[in-house]
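Before I ask anything, let me first share the structure, which is written out below as structure tokens.
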Amino acid sequence: MPEPPPGAGASRLVAAVVFVVATATSTFHAAAPVRYSFTFPEPEHHWMQVEVTFTDLAAGALELRMSRSSPGRYSLHDFAKNVWDVQAFDADNRPLAVARVDGHGWSVSRKGGPVRVLYKIFGDRVDGTYLAIDPTHAHINMPAAIMWARGLDDRPATIALTPPSDRRWQAATQLFPGSSPLEFTAPNLQYLMDSPIEFAPLSMRQFPVNDTTIRFALHHTGTDAELDAFMQDVEKIVRRQVEIYGELPAYDPGHYTFLADYLPYAAGDGMEHRNSTVITSSSSLRASHRELLDTVAHEFFHGWNVERIRPRSLEPFDFERTNLSGELWLAEGFTQYYAPVTLSRAGLADVRSTAASLGGLVNAVVPNPARLVRSAEEMSQMAIFTDGGRTTDRTNWSSTVISYYSFGGALALSLDLSLRERSNGRISLDDYMRAMWRAYGKPGGGRVGYVDRPYTAADAERELAAVSGDERFAREFFGRYVQGREVADYAHLLAQAGFVLRKRASSRAWLGGMRLEERSGGVQLATAPAPASPVYVAGLDVGDEIRELDGRRVTAVEDVQDVLSRKRPGERVSVTFVDRSGATGRRTIELAEDPSLELVPLETSGGTLTVAQRTFRQAWLGI
């Protein structure tokens, strides 16, 4: 696809101290707002002082809660664990009794009038989920930071920030501007909890797209020149994705904001929000320019898909329990697919890297026996356990769970190519996403922070039938590949665009798709072997230690790899191992062929593209 004219919408340095626009408007509830104040007495010790005032309250105790989940995350995180020193006072500054009612809530006894609550909260993780305070910044995810009161969901809120006395920090957020540069407002609890803040010495850029301002606020250790070069590519990504939907969403404050932390101590993450996104990485712009753009593409696509084209199972978001959804294959997986597609169309990824990304989606699903255990819908529902959650007991997820990102991405790939094949290039997944946008994402007129028309899986199927013009095709796609356990003929579909799907190492002997680790004189199976794999059939399991393989003493992972490199699929080898009880076992293993797949351009594997393949690839990937 053609690039915009040189210099069009070029990134510009923003001189304003805070990313806010005076024209942003919102209709707030008439009730008195909940007022928060954030201060940072000891940022070097990673805690924040929060003061919150509740007024215009009904009679009875005030029920305070800390969230257990966070928008964009699906498992539990229990943010109350970092709260301490909770105090409450009445209008005359007299102490009120505060009782801990459960692990996540407090009750404040009162006779009437306003209540002022103070507490301290610790945070030292820079990612899309948690709170991080240090001498360089405050990285604030609201569910990880604020107490809220039951029954006041429709109240507006204000947030006032006070930097440490010796810091000149700036604030970037999707919150609405308040009465001063460091005060912000939200129309209700849903919007407030979905609105992170980066409070730091920020590098800021912005560019216009279709009369909308796209803003980028970065806390990093790089140079202005590196950021300027990066912003040129960010703008290309934004414009390519606007072409998919035909328009930008109507961002509530009138702009969209990237909040990025590229710091040596940051965790790699991306977290979407209604009018913004948080992106964190330990990499620098100089070292990982291309990899960081992949996350930019993924997160910006979420401004349509999931933030507005939203499953009914996630709307409204529940802050006190897990948010179970069977549609994450579409909400997250289709977004995962469009990241490499966008980079390709924007000229930011070559054909080899694009093939590697798309091939990775196929390889995560097709040869993986876990797809026979759970469907794409069921994999989506596992997010309440796997999405950033932590387990102390062993699970068999390595052989029974596929990420809904990969599973959904592979589904998106097959659907895109199938639609193009069926229609001779007239219909694609872009048309389907536009249809979902117009039917479920774009309709507005409701409350800010809420989605008026969330969809169900049945809605998504009906929309596919309408776009394709074939109810049977839509029914079979959902029945076979979404709710069922079948996979598409990816080799055929990809061949249309001149890509070859093949075994990564068809002649290589294979034990069984598990991770190996060196332990106490042997090599341990660190994850469960794939069902029906050679090691699995032989009866070995996670935790067992291989001591000898084919008569050779094994002390390092390289020893196993060396033995396998000398063998062919179908050959037999002896294995001596020690199980978890300390007992020694001996087995004979019949080696198999490595089922791993890779995707390569036809022209790099000795073939020649036909005119039809070139045309198909150009229309699909812009290559």
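The values are calculated or read from the model by the stated rules, or taken from the named source; none is laboratory data. Everything numeric here is computed off the predicted structure, so don't read it as measured data. Cβ placement follows ideal geometry from the backbone for every residue including glycine, while neighbour counts extend to all protein chains displayed.
Can you find, within the range 485-503, the residue that is surrounded by the fewest Cβ atoms within 10 Å (Cβ to Cβ) among those that are touching a helix residue (DSSP H, G or I) at 6+ places or on another chain (Cβ under 7 Å) and assigned to a strand (DSSP E or B)?
Once the filter is applied, the top-ranked residue is Val500.
Continuing with this model, one more query. Given the options Ser399, Ser380, name the one that is of a type outside the set (Phe, Trp, Tyr) and within 29 Å of Asp431 (Cβ to Cβ). It would help to see each step written out before you state the result.
Values: Ser399 fails: within 29 Å of Asp431 (Cβ to Cβ).
Exactly one residue qualifies, and that residue is Ser380.
A quick yes/no check of all residues on (1) in a loop (DSSP other than H, G, I, E, B); (2) of a type in the set (Phe, Trp, Tyr); (3) closer than 15 Å to Phe407 by Cα; (4) assigned by TED's automatic domain parsing to the domain that holds Met379:
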residue	(1), (2), (3), (4)
Phe300	no, yes, no, no
Glu307	yes, no, no, no
Phe317	yes, yes, no, no
Gln336	no, no, yes, yes
Ala339	no, no, yes, yes
Thr342	no, no, no, yes
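I need a count of the residues in the range 429-448 that are at pLDDT 95 or above and not hydrophobic (A, V, I, L, M, F, W, C).
8
Residues that are within 30 Å of Glu243 (Cα to Cα) and not assigned by TED's automatic domain parsing to the domain that holds Arg240: list the strands (runs of 3 or more DSSP E) wholly contained in the range 504-623 that include at least 2 such residues.
Of the strands (runs of 3 or more DSSP E) lying wholly inside the range 504-623, those with at least 2 residues that are within 30 Å of Glu243 (Cα to Cα) and not assigned by TED's automatic domain parsing to the domain that holds Arg240 span 597-601.
Could I ask something else about it? With respect to Ile384, determine if the residue is under 20 Å from the mean Cα position of the chain (by Cα), surrounded by fewer than 19 Cβ atoms within 10 Å (Cβ to Cβ), at pLDDT 95 or above and not charged (D, E, K, R).
yes
When the range 280-302 is examined, which residues are found to be in contact (Cβ under 8 Å) with a residue 24 or more places away in the chain, out of contact with any His (no Cβ under 9 Å at 6 or more places or on another chain) and among the small types (Gly, Ala, Ser)?
If the condition is that a residue be in contact (Cβ under 8 Å) with a residue 24 or more places away in the chain, out of contact with any His (no Cβ under 9 Å at 6 or more places or on another chain) and among the small types (Gly, Ala, Ser), then Ala297 is the only one that fits.
While we're on this one: Report yes if Val242 is in the same structural domain as Ser75 (by TED's automatic domain parsing), of a type in the set (A, V, I, L, M, F, W, C), surrounded by fewer than 20 Cβ atoms within 10 Å (Cβ to Cβ) and touching a Leu at 6+ places or on another chain (Cβ under 9 Å), otherwise no.
Against the criterion (in the same structural domain as Ser75 (by TED's automatic domain parsing), of a type in the set (A, V, I, L, M, F, W, C), surrounded by fewer than 20 Cβ atoms within 10 Å (Cβ to Cβ) and touching a Leu at 6+ places or on another chain (Cβ under 9 Å)), Val242 qualifies.
Continuing with this model, one more query. Name the residue that is surrounded by the most Cβ atoms within 10 Å (Cβ to Cβ), counting only residues in the range 146-187 that are more than 28 Å from the chain's Cα centre (by Cα) and acidic (Asp, Glu).
Applying the filter and picking the extreme gives Glu183.
Looking at Thr213, is it part of a strand (DSSP E or B) and either in contact with a helix residue (DSSP H, G or I) (Cβ under 6 Å, 6 or more places away or on another chain) or surrounded by fewer than 18 Cβ atoms within 10 Å (Cβ to Cβ) (or both)?
It is true that Thr213 is part of a strand (DSSP E or B) and either in contact with a helix residue (DSSP H, G or I) (Cβ under 6 Å, 6 or more places away or on another chain) or surrounded by fewer than 18 Cβ atoms within 10 Å (Cβ to Cβ) (or both).
Next question, about the same structure. Considering the range 517-537 alone, what residues qualify as being surrounded by 18 or more Cβ atoms within 10 Å (Cβ to Cβ) and either more than 23 Å from Thr400 (Cα to Cα) or of a type in the set (A, V, I, L, M) (or both)?
Gly522, Val523, Leu525, Ala528, Ala530, Val535
What is the number of the single condition among (1) assigned by TED's automatic domain parsing to the domain that holds Ile214; (2) in contact with a Leu (Cβ under 8 Å, 6 or more places away or on another chain) that Leu292 does not meet?
(1)
Now, a different point. Among the residues of the range 137-170, write down those that are in a loop (DSSP other than H, G, I, E, B), farther than 23 Å from Ala58 by Cα and β-branched (Val, Ile, Thr).
Listed by number, the list holds a single entry, Thr162.
Has the range 229-251 got at least one residue that is in a loop (DSSP other than H, G, I, E, B), over 27 Å from Asp134 (Cα atoms) and acidic (Asp, Glu)?
yes
Check off (1) out of contact with any strand residue (DSSP E or B) (no Cβ under 9 Å at 6 or more places or on another chain); (2) in a helix (DSSP H, G or I); (3) farther than 30 Å from Gly103 by Cβ for Gly347 and give me the number that stays unchecked.
(2)
Let me ask another. Of Phe199, Phe258, which residue is more than 23 Å from Thr335 (Cα to Cα), touching a residue at least 40 places away in the same chain (Cβ under 8 Å) and part of a strand (DSSP E or B)? Spell out how you get there, then give the answer.
Working: Phe258 fails: more than 23 Å from Thr335 (Cα to Cα).
Being more than 23 Å from Thr335 (Cα to Cα), touching a residue at least 40 places away in the same chain (Cβ under 8 Å) and part of a strand (DSSP E or B) holds for just one of Phe199, Phe258, which is Phe199.
Can you tell me which residue in the range 245-266 is nearest to Ala349 (Cα to Cα), limited to those that are among the charged types (D, E, K, R) and buried (at least 17 other Cβ atoms within 10 Å of the Cβ)?
The residue in question is Asp261.
Looking for something over 15 Å from the mean Cα position of the chain (by Cα), within 29 Å of Val451 (Cα to Cα) and among the acidic types (Asp, Glu) - is there at least one such residue anywhere in the range 370-378?
Checked the range 370-378: at least one residue is over 15 Å from the mean Cα position of the chain (by Cα), within 29 Å of Val451 (Cα to Cα) and among the acidic types (Asp, Glu).
Of a type outside the set (Gly, Ala, Ser), over 18 Å from Asp318 (Cα atoms), in contact with a helix residue (DSSP H, G or I) (Cβ under 7 Å, 6 or more places away or on another chain) and modelled with pLDDT of 95 or more - does that describe any residue in the range 160-168?
yes
Output the residue which, of all residues in the range 113-145 that are among the β-branched types (Val, Ile, Thr) and over 20 Å from the mean Cα position of the chain (by Cα), is surrounded by the fewest Cβ atoms within 10 Å (Cβ to Cβ).
Checked the range 113-145; the qualifying residue surrounded by the fewest Cβ atoms within 10 Å (Cβ to Cβ) is Thr136.
Something else now. Out of Asn305, Asn275, report the one residue that is within 17 Å of the chain's Cα centre (by Cα), crowded, with 21+ Cβ neighbours inside 10 Å and more than 29 Å from Asp350 (Cβ to Cβ).
On inspection, the qualifying residue turns out to be Asn275.
So which residues in the range 516-539 are more than 19 Å from Lys567 (Cα to Cα) and in contact (Cβ under 8 Å) with a residue 40 or more places away in the chain, if there are any at all?
Within the range 516-539, Glu517, Gly522, Thr527, Ala528, Pro529, Ala530, Pro531, Ala532, Gly539 meet the criteria.
Tally the residues that are closer than 17 Å to Tyr245 by Cα and among the polar types (S, T, N, Q), restricting the search to the range 198-212.
Number satisfying all stated conditions: 2.
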